[in-house]
Amino acid sequence: MNLNSLSLTARLSLLFAASAVIVLLGLGWVVERAVQNHFIEMDRHEIEGKLSLVRNLLASAPNAAALAAVPAQLENALVGHQHLQVTVFAADGTVWFTSGRVQFPQQRAGDTLQWLAWSDARQAYRGVLAGLKTAHAPLFSIAIAQDISHHEVFMRDFRRTLAMLTTLAALLTAGLGWAATRAGLRPLRRVAAMATQIEASRLGERLPGSQVPAEIETLVAAFNAMLARLEDSFRRLNEFSSDIAHELRTPISNLMTQTQVALNAAYEGEVAGEKYREILYSSLEEYERMAQMIADMLFIAQADNGLLQTGQGEVDLSSETRALFDYFDAWAEERGITLALEDLREPHAPPLTGDRLMLRRALSNLLVNAIRHTAQGNTVWVRLASAQGNLSISVENPGPDIAAEHLPRLFDRFYRVDPSRQRDRTQQRDRTKQLDKASEGAGLGLAIVKSIVVAHGGSVQVISNAGCTRFQLVF
Amino acid sequence: MKILIIEDEPKTGDYLKQGLTEAGMVVDLARDGWDGLHLACNIEAGKQAYDLLILDVMLPGLDGWQVLEGVRRAGMSMPVLFLTARDQVADRVKGLELGADDYLVKPFAFIELLARVRSLLRRGKSSIEPTVLKVADLELDLLSRRALRAGKRIDLTAKEFTLLELLLRRQGEVLPRTLIASQVWDMNFDSDTNVVEVAVRRLRAKVDDGFEPKLIQTVRGMGYRLEAPAPAPVSAAQPP
C-alpha cells in the first residue's frame, strides 16, 4: 500500500498506536528489570543468611565430635526450606553433607564468595560457593542452591500480561486516535466543504480565515490568494472576450451599414464610379484594421501560450534605438517632437540576448506611444542603464500624469485610459484621417510590449508623476 | 509570365486569379493538391510551364507541403510562394526548408502579394545592374549617390535616397507601406503610424515640387508608385 495515499486519519491512528506500543514496551522492560533485580536481591539475602548459619555451625564446633553432630543440626535448621539446598564438600571434593540432590556446576571454592546461576533439565537455580577454614577440621566448601523456578514462572506470566496489555493499549490508542483525529480534522473538512461550494460564477467568495485553527489559516490564506488570482484572470478573460466582440462589432456594423446604404442608393452616371470607389476605400481601411487586430491578437495569444521563441541572438539596444529613431524621426519632427538617447550603461554591461525583431517591435510600440502622448516642442527620452547584471531601457515622455488606478492595467489588452475614446473611434478617425491614421491604436501596443518582454524573461514598469511618464523594461 | 495558383478556398482562388490577371499575368488555378501537382509539373516547349507557384498550405488531399515536395522532386525549380493561415515560426521554417522562396500569412493585402510575386519573378533574371536609374527627367546615380531632377541636384538624406532607389527600381509597381518600411528601414512589423506617409511626402516635396510631371503617386488604400504618367489614370494620382 502506498503510504502517501493513506488517509490522514488512518495515518495518525497508526502513529498513535505505534507510539503507545513503544512507550509500553519500554516501560515493561524497565519494570521487568526492576522485578528481576529485586528477586536476585531477595534470593541473595536468603542465601547469605543460610550461609552465615552454616558457617557458624561449622566454625563453632569445638572438636571433631561436635563437628560430627553438625549435619544433624543442619538438617533441623533446613526443615521447611524445601527450595533451599545446602551442600558441604570436604577438602578432597567429596560430599560431606547435603540436603538435596541438586548438582553444583562447581565444587571447589575460591577465596571469595562465588555467585552462580544455572539450570538443569527441570529447574533453574541460583547459588553461592564459599570456602571455610576451621581450626581443627579440613577445608570445607559450602555450596547453597536456591530453586528459582517460581521466579521464572512469575516472570513468564508477567511478560505475557505485558504483551497482552500492550496489544490492547495499541488497539485502544489506535481507536481513540482515530476518533480524536477525526474530531481534530473537522475544521479541515469544513474548509474543504466550503471550497467545494465555490464555482466559476462565484469566484468572489472567500473562505473565512478567522474561524479556523492556526495550522489551516495559512492554507486558507493561500487558497484565498489563489482565488483572487483566478478571479482576476477570469475577469480579464471575460473583459477580453467582450472587448474582442466589441472591437469587431463596430467595424463590421460600419461595413454593413455602408454597404447597405450604397446598395440602396443605386448611384448613376458620372459620380457612380467615384462614389463606389470611395466606399471601397473606406471598407478597405476597416478591413486593414481588423486584419491588424487579428494578427496582434494571435501574437499575444502565442505569447500567452509560451509559443514565442526568443532566440539567442545578441541584441544591441543602442543600435536598435538608433534604427528606430531613424525610422520615426520624420514623423516625430512633423509633430515637433525631439527624440533623444542617453546611454548610461556600464562599460562592460552584458549584451541582451533574444529576438532582435521582437525587441525592436516592443521598443517601437513604446516609442509610438510616447510620441503620441507628447505635446509639441518636447523631447522623448530613451535611456539605457545597467545595474547588477540587469539591463534596463526606459522610454520617457513629458505629458499629463496617468492616474494611479490605470497604471497596473496599462499593459492589459484593449485597455484605454480614457474610456470615452474606447468605443468611439470611427468619428475620431474621420477627423484625424489625413493627419495620422493611427491615433487610434487598437489598444494592443502595450500588451504586445509586455508579451515580448515577458517572453524574454524581463519585466515592465510604468511610472507617471510630476508631468512625466516613464515606461521601463528590465531584463 | 505564367503563374499557377493552388488554392482550395473558392473565393480566395478566384480573387487571386482575377487580381493577378488584371496585373497582366497569365494565371491558372488548381483547386486541390493533386491537380496542382499535376499541372505544376507540366513542361511546355521544353521548359517549365509556370514561372511561379502560389501555394496554399491547407489543401484537401495532398497538402501544400506535399505538393511542394512533389514539385521539387520532379525537378521543377520555379519559385514558390506559400500562403498560410497559421503564423507559426515552425510553419515558416518548414516551408523554407522544403524549398519555398517566400510566404505570406493570411489575411494579407493583395498589393503585398503582388509586390512579392513581382519580386520573385524578377529574381533569377540576371541583368547587368545599372549604376544610374532613370525615369523621365529624374536621375539617380547609385555610385556617387546623387540625385538629379531636370539636371538640378536634389539633396537627399540617406534614407530618402534608399526610398527613392526602391521606388525607381520598381517603377510602375505599387509598393505597399509595409514593404517600404521593411525594405528601407528594416521594420518588419506594422507600427500603426503614418511614418511611411510622412517620409514619402517629404521625398515628394524634394523630387516633385516645382517639377513636372509629378512622378511619385499615392495609390489610395494601397501604397505608392513612381511612374512617368504618360497616359496616367486620373484617379490613381492624388495629392497628399
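Since every read-out is calculated from the coordinates, none of them should be taken as a lab result. Given the structure is predicted, the values throughout are model-derived calculations rather than measurements. Here the Cβ is made from the backbone with ideal geometry for all residues, glycine too, and neighbour counts use every protein chain on show.
Would you tally the net charge around B:ALA147, using a Cβ to Cβ cut-off of less than 10 Å, leaving B:ALA147 out, and scoring K and R as +1, D and E as -1?
+1
Taking R0 as 30 Å, what's the FRET efficiency between B:CYS41 and A:ASN305 from their Cβ-Cβ distance, rounded to 0.05?
0.15
Once Rh for the stretch A:3-170 is found with the Kirkwood sum over Cα pairs, what is the Stokes-Einstein diffusion coefficient at 10 °C and 1.306 mPa s, in µm²/s?
83 µm²/s
Averaged over its residues, how many other protein chain Cβ atoms are within 10 Å of peptide A:272-283's Cβ atoms?
Per-residue shielding by partner chains comes out at 1.
Please state the shape class of chain B: rounded when a/c is under 1.5, otherwise prolate if a/b exceeds b/c and oblate if not, all from the C-alpha gyration tensor.
Because a/c hits 1.5 or more and a/b exceeds b/c, chain B counts as prolate.
Provide the percentage of antiparallel DSSP beta bridges, counting only those with both residues in the protein assembly as shown; round to the nearest 5.
75 percent
Excluding residues fewer than 8 places away in the same chain, name every one of the lysines whose C-alpha is closer than 18 Å to that of B:LYS47.
Correct list for B:LYS47: B:LYS2, B:LYS125.
With label points built 7 Å along Cα→Cβ from the Cα atoms of A:LEU132 and A:MET155, find their separation and express it in nm.
Rounded to a tenth, the inter-label distance reads 3.0 nm.
Would you please name the chymotrypsin sites (Phe, Trp or Tyr not before Pro) within the stretch A:185-280 that are DSSP coil residues with at most 14 other C-beta atoms within 10 Å of their C-beta?
A:TYR267
Which whole-number percent gives the relative contact order of the stretch A:203-339, counting Cα pairs below 8 Å spaced six or more residues apart?
Value for the stretch A:203-339: 14 percent.
From zero outward in steps of 5 Å, how is the percent of C-alpha pairs of the stretch A:156-263 spread across the bins?
The percentages, shortest bin first, are 2, 9, 11, 10, 8, 8, 7, 7, 7, 6, 5, 5, 4, 3, 2, 2, 2, 1, 1, 1, 1, 0, 0.
For peptide B:181-192, what's the mean number of Cβ atoms from other chains within 10 Å of each residue's Cβ?
Per residue, the average neighbour count from other chains is 6.
Quick one: work out the % antiparallel among DSSP beta bridges in chain B, nearest 5.
Here the share of antiparallel DSSP bridges comes out near 55 percent.
Using C-alpha positions alone, give me the convex hull volume of the protein assembly as shown per residue in cubic angstrom.
Normalising the Cα hull of the protein assembly as shown by residue number yields 364 Å³.
If you average the alpha carbon positions of the stretch B:20-94 and of the stretch A:58-88, how far apart do those two centres end up, in angstrom?
130 Å
Could you list the GluC sites (Glu not before Pro) in the stretch A:135-229 that lie in coil according to DSSP, counting only those with at most 10 other Cβ atoms within 10 Å of their Cβ?
Within the stretch A:135-229, the qualifying GluC sites (Glu not before Pro) (loop, at most 10 other Cβ atoms within 10 Å) are A:GLU199.
Please report the net charge: other residues with Cβ closer than 11 Å to the Cβ of A:THR379, K and R +1, D and E -1.
-2
Other chains' Cβ within 10 Å of A:382-394 residues: what's the mean?
0
Which whole-angstrom value gives the distance between the alpha carbon centres of the stretch B:191-232 and the stretch A:11-27?
93 Å
So what is the relative contact order of chain A, in percent, for Cα pairs below 8 Å that sit 6 or more residues apart?
After rounding, I find 10 percent.
Which loop trypsin sites (Lys or Arg not before Pro) in the stretch B:104-163, with loop taken from DSSP, have no more than 16 other Cβ atoms within 10 angstrom of their Cβ?
Answer by residue number: B:ARG123, B:LYS125, B:ARG145.
Find how much the distance from A:THR98 to A:LEU165 grows on full extension, using 0.36 nm per residue of separation minus their present alpha carbon separation; answer in nm with one decimal.
Result: 19.7 nm gained on full extension.
Could you point to the residue in A:PHE97, A:TYR125, A:ALA109 farthest towards the positive end of the stretch A:3-170's charge dipole, with +1 and -1 charges on the Cβ of Lys/Arg and Asp/Glu respectively?
In the stretch A:3-170, that residue is A:TYR125.
Rounded, prolate or oblate: which one fits the stretch A:256-370, using the alpha carbon gyration tensor with axes a ≥ b ≥ c (rounded when a/c is under 1.5, else prolate when a/b beats b/c, else oblate)?
oblate
Select from B:GLY70, A:SER451, A:ALA174 the residue farthest towards the positive end of the dipole of the protein assembly as shown; place +1 on Cβ of Lys and Arg, -1 on Cβ of Asp and Glu, and compute about the Cα centre.
The residue sitting farthest along the positive end of the dipole is A:ALA174.
Over chain B, what relative contact order in percent results from Cα pairs under 8 Å that are six or more residues apart?
RCO, chain B: 12 percent.
Given charges of +1 on the Cβ of Lys and Arg and -1 on the Cβ of Asp and Glu, with all other atoms neutral, how large is the dipole of the protein assembly as shown about its Cα centre, in debye to the nearest 20?
My answer is approximately 1300 debye.
Which net charge results for the neighbourhood of A:GLU32, defined as the other residues with beta-carbon distances under 14 angstrom from its beta-carbon, given Lys and Arg at +1 and Asp and Glu at -1?
+2
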